[in-house]
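Colleague: Below is one structure. I have some questions about it.
The values are calculated or read from the model by the stated rules, or taken from the named source; none is laboratory data. Treat the numbers as computed from the prediction; the structure is a model and nothing was measured. As a convention, Cβ positions derive from the backbone with ideal geometry for all residues, glycine included, and neighbour counts pool all protein chains shown. For the accessible areas, the whole protein counts, side chains as well, though only heavy atoms, and no ligand, DNA or RNA atoms are used. Shrake-Rupley method; radii C 1.70, N 1.55, O 1.52, S 1.80 Å.
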Amino acid sequence: MATSPIQLVVHSRLLSYGSTESTKLVPASSGNRGKIVCSLRKLELEDMNFSGIGRNNDQQAPRRAHRRKALSASRISLVPSAKRVPTYLFRTDIGGQVKVLVEKTNGKYKVLVEVLPLELSDAHSELVMVWGLFRSDASCFIPLDLNRRGADGKSSTVETPFVQGPSGKVTVELDFEESLAPFYISFYMKSQLVTDMKNSEIRSHRNTNFVVPVGLSSGHPAPLGISFQPDGSVNFALFSRSAKGVVLCLYDDISAENPSLEIDLDPYINRSGNIWHAALDCSLPFKNYGYRCKAATFGKGELVLLDPYAKVIRRVIPRQGGSEIRPKYLGELCLEPGYDWSGDVPPSLPMEKLIIYRLNVTQFTKDKSSKLPDDLAGTFSGISKKWRHFKNLGVNAMLLEPIFPFDEQKGPYFPWHFFSPGNMYGPSGDPLSVIKSMKDMVKKLHANGIEVFLEVVFTHTAEDAPLMNVDNFSYCIKGGQDLSIQNALNCNYPIVQQMILDCLRHWVIEFHIDGFVFVNSSSLLRGFNGEILSRPPLVEAIAFDPILSKVKMIADNWNPLTNDSKENLFPHWRRWAEINMKFCDDIRDFLRGEGLLSNLATRLCGSGDIFAGGRGPAFSFNYIARNSGLTLVDLVSFSSNEVASELSWNCGQEGATTNNIVLERRLKQVRNFLFILFISLGVPVLNMGDECGQSSGGSPAYDARKSLGWNTLKTGFGTQIAQFISFLSNLRVRRSDLLQKRTFLKEENIQWHGSDQSPPKWDGPSSKFLAMTLKADAEVSQTLVSDIVGDLFVAFNGAGDSEIVILPPPPTDMVWHRLVDTALPFPGFFDEKGTPVEDELVAYEMKSHSCLLFEAQRLAEIDSSKRKKQIRLSSKRQ
């Protein structure tokens, strides 16, 4: 970029009198900035040191310089023309009007100033326009003529006479080289026939200079962010209600300490309501941009802030010993790259069919054991390479932990920005490569029948997030319970609600995302003062947004600020699903020998206490372990007072052990957790590492989680658990008539039992056994791919002793087949086809802390090889 070595200062040209704060600018390089050609003379700008101006023809220079700081923009209107040429109308202090037209043609800017004839009197004939150029401080003009100096040695303004044409119009026409833009032209008029200087000058009706932007148009208030216009300009739009002034900061070198150019947006031309906007020529050699917001940031007005709507952002590498006010990210002045989505068909799975795997993008493949190249490990491309892992587990949906740029000290649940993926997730950290690799990942997973969900956090930001400094008063909640933090977003405020909706639409349209999990969803219900709203506008707007109508929306009450979950009645409009915290708690309670059987039964049947009233079990997203709290293997290994809230049980010994009895019990418990998760109505959600025994050493902290160890999948534990998960996934698909229901089971389709076929002791605190028969619906079963349509008998023993279980009679012409017994050794504890039970045997010895599954199959399906290994039971006849 060829610029002159000028130090520029940009002012807000307010209509009120008084000094204004300024921000300095140093252009990036020296050289010829360009030349100005007016209708009377040709002036070259070559290697000049611009230090300001003094008016040698004005004895009141200090007063005039002060008055030129204010823009005479009252009653300015943009007059549309056929060519969309900006035209500005000004009222004068003698009651008339001045019209200024700015047009770009043949590589030059033409400025035409016309004084309307009705304004001129005989006393004000023979007008001269006194003008100067500035990019910043209106009192510091760019020198245009080296041969004319004021008494103080400073450059003077230029005087250009008005010319009256044949049509009677009185005009001045000035031409400027395109390379000089953007800049402002400031002028007033004076009559050469009036000797009284005070009466000879014509200014705006506010007694200030006329100021017009050249190469910088007013732009448009929508859409927010940047947008590229058909006329070759780029439009900037930023919401800030509290900012007294906004400075557009442009960079041609992202490593520079300061912006290459700063333009103070005029509140009368570049502001509509609470939106600041401007448009610049795309040919200007700037690469990145940000904003300074004056008087809106509690003393942080010097910060260059990232545009909240920036779609492509670049990380600023801090210099050693550099300024502490340098931005962390800047927006890229480029279009979001196009992508070839041809052939992409989202799986569009019904909610009840989902089997979800939650993962952290970096930790999933970062470990050396993933055997991926360094540039792919820990990235979206790494996930694309490992898609077969999901297929092997039977997973058909992937849930990504937050992928937005975040506070690296606190983790991904403290976002810095919402409209772009973090640069760390790409092969080179280049933002355009990151965006492409994410889209490649989504397309690859879709091609293999796997949906992609994102965890999103819209209730708070990182403490130093730019959003809060853009407009803290609009974006931040100001009070209420548990809102002592300064970065809680005011989600139900209209502009914040609009931003969240725009963000969700962006991820759906540009990245083909299939669903969102809203972390800390209880805070989505809060109003401006922290009060709970019965009909929160944001939640309702998401539920009925037409673009989001096919996207799955899931509320998650987990709060990363406090690392806990709070129950609340979430308004759903029959649209929102929820992460079921009660499922997790009640299953953990049962398997550690506590809790009531009625609670277990409620969770098995889809949590009707939560999802009745218009939704159903498909809206219950069930989990045992998640990415905060204890991992699955730690749930059965640690139960000290420090983790009492985790409802865990160490199976007889705390932490690591070589005791075989304890290890066998822990193994059974891991199997039991997974079995109940998949046999229950609702959507099972696995957590990364569940399949291979990932441990965090008993720490419930999020940052204690480790990268996935791919070698652990090859261990005996990893092999059998991964195979068991695959078996359970296939079982849910094969018996979708009973295990993947969108509606609750009918009363006639389920029967509850005690161990001896007597009714269960629902409210007995010492009762630890529950069995149920799920009866196949003949009409529904006819639509299944499998021709096995028999009943299912399921039993759960949470006690420390064995139970003799009386099996109910199988349906006519059918025999019970044992599919699962979590107490048996691997590989015999599960069987895809099942092991048949001898016809006359009706009782089964069920070991302590175990689960059973029997399926009724037709007699014809038992082959001779199966008959040779029929179960020999310790039994009794009914």
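Colleague: Inverting the mean 1/r over all pairs of different Cα atoms, compute the Kirkwood radius of region 647-786 and quote it in Å.
Modeller: Values: mean 1/r = 0.0554 Å⁻¹.
It is 18.0 Å.
Colleague: Could you run the Karplus curve 6.51 cos²θ - 1.76 cosθ + 1.60 with θ = phi - 60° over region 630-643 and give me ³J(HN,Hα) per residue in whole Hz, x for Gly and Pro?
Modeller: Each residue of region 630-643 in turn: 6, 6, 4, 6, 6, 4, 9, 10, 9, 8, 6, 4, 5, 10 Hz.
Colleague: May I pose another question? Using only C-alpha positions, report the orientation-averaged shadow area of the convex hull of region 326-391, nm², one decimal. Write out the running numbers ahead of the final one.
Modeller: Numbers: hull surface 32.0 nm².
Convex hull of Cα atoms, orientation-averaged projection: 8.0 nm².
Colleague: Show log10 I(q)/I(0) for region 734-781 at q = 0.22, 0.23, 0.25 Å⁻¹, two decimals, from a solvent-free Debye sum over equal Cα scatterers.
Modeller: With no solvent term, the Cα-only Debye profile gives -0.82, -0.86, -0.92.
Colleague: For region 332-382 and region 697-723, what is the separation of their C-alpha centers, rounded to whole Å?
Modeller: 21
Colleague: Between region 170-188 and region 584-631, how far is it from one alpha carbon centroid to the other, in angstrom?
Modeller: Comparing the Cα centres of region 170-188 and region 584-631, I get a distance of 71 Å.
Colleague: I need the per residue convex hull volume for region 651-726, using only the alpha carbons, in cubic angstrom as a whole number.
Modeller: Numbers: hull volume 8.6 nm³, N = 76.
Each residue corresponds to 113 Å³ of Cα convex hull volume.
Colleague: Let me ask another. Volume per residue, Å³, of the convex hull around the alpha-carbon atoms of region 392-516?
Modeller: On the way: hull volume 16.5 nm³, N = 125.
Dividing the Cα hull volume of region 392-516 by its residues yields 132 Å³.
Colleague: Compute the length gained on full extension between GLU173 and SER640: take 0.36 nm times their separation in residues and subtract their Cα-Cα distance, giving the result in nm to one decimal. Numbers along the way, then the final one.
Modeller: Values: separation 467, 0.36 × 467 = 168.12 nm, distance 8.43 nm.
Extra length from GLU173 to SER640 when fully extended: 159.7 nm.
Colleague: To the nearest 0.05, what FRET efficiency results for ARG535 and VAL194 with a Förster distance of 60 Å applied to their C-beta separation? Each step should come with its number before you reach the end.
Modeller: Values: r = 67 Å, r/R0 = 1.12.
Efficiency, from the Cβ-Cβ distance: 0.35.
Colleague: Something else: Can you give the convex hull volume per residue for the Cα atoms of region 475-624, as a whole number of Å³? All intermediate terms of the calculation are to be shown ahead of the outcome.
Modeller: Values: hull volume 18.7 nm³, N = 150.
Hull volume normalised by residue count: 125 Å³.
Colleague: What's the FRET efficiency of ARG388 with SER758 using the Cβ-Cβ distance as r and R₀ = 56 Å, to the nearest 0.05?
Modeller: 0.70
Colleague: How far is it, in nm, from the label point at ILE509 to the one at GLU126 when both lie 7 Å from their Cα along the line to the Cβ?
Modeller: Inter-label distance under the simple model: 6.1 nm.
Colleague: Grab the other residues whose beta carbon is less than 9 angstrom from that of PHE518, score K and R as +1, D and E as -1, and report the net. Show your work: numbers first, answer last.
Modeller: Values: positive: none; negative: GLU455, ASP556.
Combined, the nearby Lys, Arg, Asp and Glu give -2.
Colleague: Whole Å is fine, so just give me how far the alpha carbon centre of region 521-577 lies from that of region 198-247.
Modeller: 39
Colleague: Separate question: If I model a spin label as a point 7 Å beyond the Cα along the Cα-Cβ vector, how far apart are those points for TRP573 and ALA656 in nm?
Modeller: It works out to 5.2 nm between the two label points.
Colleague: Could you check the spin-label model distance between VAL85 and MET424? Points 7 Å from the Cα along Cα→Cβ, value in nm.
Modeller: Between VAL85 and MET424, the label points sit 5.4 nm apart.
Colleague: While we're here: Is region 357-412 best put as rounded, prolate or oblate by its Cα gyration tensor, with a ≥ b ≥ c the root eigenvalues, rounded for a/c under 1.5, and otherwise prolate when a/b is larger than b/c, oblate when not? All intermediate terms of the calculation are to be shown ahead of the outcome.
Modeller: Values: a/c = 2.43, a/b = 1.29, b/c = 1.88.
Oblate, because a/c is 1.5 or more while a/b does not exceed b/c.
Colleague: Along each of the three principal axes of the Cα atoms of region 197-267, give the extent in whole Å, ordering the values from largest to smallest.
Modeller: Principal-axis extents of the Cα atoms in region 197-267, largest first: 50, 30, 30 Å.
Colleague: Mind listing which GluC sites (Glu not before Pro) in region 615-684 are in a DSSP loop and have 13 or fewer other Cβ atoms within 10 Å?
Modeller: Numbers: sites: GLU642, GLU646, GLU654, GLU664; in loops: GLU654.
Passing both the DSSP loop test and the Cβ count: GLU654.
Colleague: Then there's this: Suppose R0 equals 30 Å; then what is the FRET efficiency for TRP341 and ALA543 from their Cβ-Cβ distance, rounded to the nearest 0.05? Before the final figure, lay out the partial values.
Modeller: Values: r = 26 Å, r/R0 = 0.88.
E between TRP341 and ALA543, to the nearest 0.05, is 0.70.
Colleague: Something else about it: Ranked from highest to lowest mean number of other Cβ atoms within 10 Å per residue, what is the order of the peptides 413-420, 550-557?
Modeller: Working: 413-420: 23.6, 550-557: 20.5.
Ranking the peptides 413-420, 550-557 by packing returns 413-420, 550-557.
Colleague: Calculate what fraction, in whole %, of the accessible area of region 534-692 sits on carbon and sulfur atoms when a 1.4 Å probe is rolled over the protein chains. Before the final figure, lay out the partial values.
Modeller: Numbers: 2690 of 5360 Å².
Roughly 50 percent of what the probe reaches on region 534-692 is carbon or sulfur.
Colleague: Considering only protein heavy atoms, what per residue accessible area in square angstrom results for region 643-778 with a 1.4 angstrom probe?
Modeller: Values: 5370 Å² over 136 residues.
Result: 39 Å² of accessible area for each residue.
Colleague: Among residues other than PRO412 whose Cβ falls under 11 Å from its Cβ, what is the net charge (Lys/Arg +1, Asp/Glu -1)? Provide the component values of the computation, followed by the final result.
Modeller: Details: positive: LYS410; negative: GLU401, ASP407, GLU408, GLU455, ASP703.
After counting each charged neighbour, the total is -4.
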